[in-house]
Ligand SMILES: Nc1ncnc2c1ncn2[C@@H]1O[C@H](COP(=O)(O)OP(=O)(O)OP(=O)(O)O)[C@@H](O)[C@H]1O
Ligand SMILES: [Mg+2]
């Protein structure tokens, strides 16, 4: 998908902010909900290809 | 073992098979979908079969037989497939062959041969005959033998119904490549247009048919579709609109001919009344008035009359309001607000009705686009949406081995975690209460997913903070007059769905969509940006909800990378 354009500016870095390599993780995502993606359309087919591919990948890892 | 066509010899079409009408479509060389007209020139082919002295009629010709030969005319049968006799509603078949219980299935008793005997014909066999006629129409048009199809079904079609339809199709020499949901087919028909832009949006598809209406609320994310909620109604549909006109013209007839009797009381008069009322209804979708004209309607008396659209809209206003309520109900079931709806696709034959579209327009905010013939010049014919979507899907998969299609449509592949909240960044201020949240990945997006945003920076450039958060959409209600008389606020849309001229009495309230930051996920810094620089933020959510992200100055190199773990993973590597 094309990039989203956000016209509002990013905040100025607060004085004294520091982190190793300028990045710090703070939290993790909320758990997700399992839903069914409709197996329809070109973008789904691309998703299915990735997913099926990935499975054989992780089987290789084990 | 050669039950399925090998991909190389497949000729596939899209089929929309409704209780009232069916359509078939194909895709042209340049990938456009087009609906095929049958030998009679119809693109909406009544799903009706009729037998006259052993000769089979289908479509419009069969429909005409509802007057003269109703007992040997089979109509409104699609929903009976794969069902138990006890669970069906036979009402739509009152004026045609009645469904009967036959073993564990449903059948019709009709004289379908030249012999003078009645035969039991199962709904499966009727469906096979209907599909065979559709297949032949496709074959005639395309000049090569159609042998495969993608067929659309309602979202609440059971596995037993699909199995039964699949078998009926197979008996008609059609390999069902895939069943796809009707509303999803409609959405695909729109998204497949060359000028369509893939965006994250919430789409409502309202499929307003002949004997049922179905609404689906769909999260469309990067061209992938997840159904959030559905609503079905078997009491609000085109038939009820026909009935309004039948009642109206019957009363007019009685007024004019005191001795003519009530045309609704004789089967034959009723059948004529119904056919002509449906035609009048369709004319009123385009014209401002329409003529009703039936020869020998009742007691040998001809009847002609005129109705204008305003009168019709008044008579049918309750039904129109019910369509709108159904749409709002589905939105509510999805735990969404009308403000969340990006667009509403009106599908199905009844969606041609201007007043249905305008009522829906007035029950949703101006930001919701309503795609119907009367509200949008670029709308696709609502009667064609399902068949077109099916044809597009058919063209996408017809070259796949059946096994590949099966694997790709298996829950192992389709059931996927969807984000509970949106992931975005804070703009203007890094403080959660005063910063403005902007979403990069919307809630209800399936993972894995990758999204990129290009963000502006402070006027002078310098050092910036990229604060990545989870956000939740909130509806902010602002009252513009002081006297607050209603505390419910947010769910009010429901009541004034019918008309909004009573809203003057109420205080004006402004409802808008805002974001609330629920959780900070990560912070990153980019230093020494040039004046006027833009920052690219890329978020990559893995299938296990672990996230990596990369921020950099657009045109610059390096940037900052980081990541964090999946929820619930005790500690591991970053
Ligand atoms: N131009 C029109 N204006 C108004 N109503 C129309 C128009 N064209 C078709 N209809 C109505 O739409 C209904 C048929 O809808 P559709 O073609 O979507 O059928 P369907 O999917 O077979 O419906 P169902 O399964 O609910 O019976 C009929 O009631 C028909 O009279
Ligand atoms: Mg339908």
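A short reminder: the numbers here are calculations on the coordinates, not readings from a lab. As the structure is a prediction and not an experimental result, all values here were calculated from the model. Here the Cβ positions follow ideal geometry from the backbone for every residue, glycine too, while neighbour counts run over all protein chains shown.
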Next on the checklist: Nearest 10 degrees is fine. How inclined is helix B:267-283 to the longest principal axis of chain B, computing both from alpha carbons?
Outcome noted: 40
Item to check | Extended-chain gain in nm, criterion 0.36 nm per residue less alpha-carbon gap, residue B:85 and residue B:267 | outcome: 63.1 nm
Checklist entry - In peptide B:413-424, what is the residue-averaged number of other protein chain Cβ atoms found within 10 Å of each Cβ? => result 5
Checklist entry - Quick one: helix B:354-363 against the long Cα principal axis of chain B, what's the angle to the nearest 10°, folded into 0 to 90? => result 30
Item to check | Value of relative contact order over the range B:252-388, rounded to a whole percent, pairs C-alpha under 8 Å and six or more apart | outcome: 16
Next on the checklist: For chain B, take the longest principal axis of its alpha carbons; what is the angle in degrees between that and the long axis of helix B:385-397, to the nearest 10 within 0 to 90?
Outcome noted: 60
Checklist entry - At a Förster radius of 30 Å, what calculated FRET efficiency corresponds to the Cβ-Cβ distance of residue B:40 and residue B:329, to the nearest 0.05? => result 0.20
Next on the checklist: Helix-only estimate, please: 222 nm mean residue ellipticity of chain B, summing -39500 (n - 2.57) across DSSP H runs of length 4 or more and dividing by its residues, to the nearest 500.
Outcome noted: -8000 deg cm²/dmol
Next on the checklist: Need one value for B:462-469: mean number of C-beta atoms belonging to other chains within 10 Å of its residues' C-beta atoms.
Outcome noted: 4
Checklist entry - If you stretched the chain out fully between residue B:118 and residue B:548, how much longer would it get, using 0.36 nm times the residue separation minus the C-alpha to C-alpha distance? => result 147.8 nm
Item to check | Computed lengthening from residue B:508 to residue B:450, 0.36 nm per intervening residue step minus Cα-Cα distance | outcome: 16.8 nm
Checklist entry - What does the average come to when, for each residue of peptide B:393-399, you count the partner chain Cβ atoms lying within 10 Å of its Cβ? => result 2
Checklist entry - When the label point is put 7 Å from the Cα of residue B:197 along its Cα-to-beta-carbon vector, which residues of the range B:438-465 have a backbone N closer than 17 Å? => result B:439-442, B:452-456
